[in-house]
Amino acid sequence: MWMALMPFSHEMDAVLPPDNATPDRRAEALRFLDCLSVHFARITPKNRTALVLSLVEGYTVPEIAHVLGCSVNATRKRLYRARQALVSRVQKDPYCRHALKELIG
């Protein structure tokens, strides 16, 4: 799936519609983001925290490891597991798959 292949910041750029997008496109993007947030909330707290620090806060893997008090290797595993869980959940959700297909063709 595209989420496993692209850095997350670019993924969100691909989903968020431009200001001049049609109302249908904007509504579809918002539906997908709602669906994504539900699945994001279901990731284990440790993995979700690592992912938030990486994607939202822009921390590097060593910085996340320091914040979480774990090794760099453990942090990489948490990030990998969080991304895999999110991708898996979105792929299994027919509504998310449909919304994503409408957004990216």
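The values are calculated or read from the model by the stated rules, or taken from the named source; none is laboratory data. Note that the coordinates shown come from a computational prediction; the quantities given were computed from them, not determined experimentally. Virtual Cβ from ideal backbone geometry, glycine too; neighbours counted across all protein chains shown.
Scanning the range 14-48 for residues being in contact with a helix residue (DSSP H, G or I) (Cβ under 7 Å, 6 or more places away or on another chain), modelled with pLDDT of 90 or more and assigned to a helix (DSSP H, G or I) gives a total of 3.
Scan the range 54-102 for residues that are hydrophobic (A, V, I, L, M, F, W, C), assigned to a helix (DSSP H, G or I) and modelled with pLDDT under 95 and jot them down. Correct list: L55, A82, A85, L86, V87, V90, C96, A99, L100. Among the conditions (1) surrounded by 14 or more Cβ atoms within 10 Å (Cβ to Cβ); (2) touching a residue at least 40 places away in the same chain (Cβ under 8 Å); (3) not polar (S, T, N, Q), Y95 misses just one, which is (1).
Restricting the range 62-92 to residues that are of a type in the set (K, R) and in contact (Cβ under 8 Å) with a residue 40 or more places away in the chain leaves a set whose member that is nearest to A27 (Cα to Cα) is R89.
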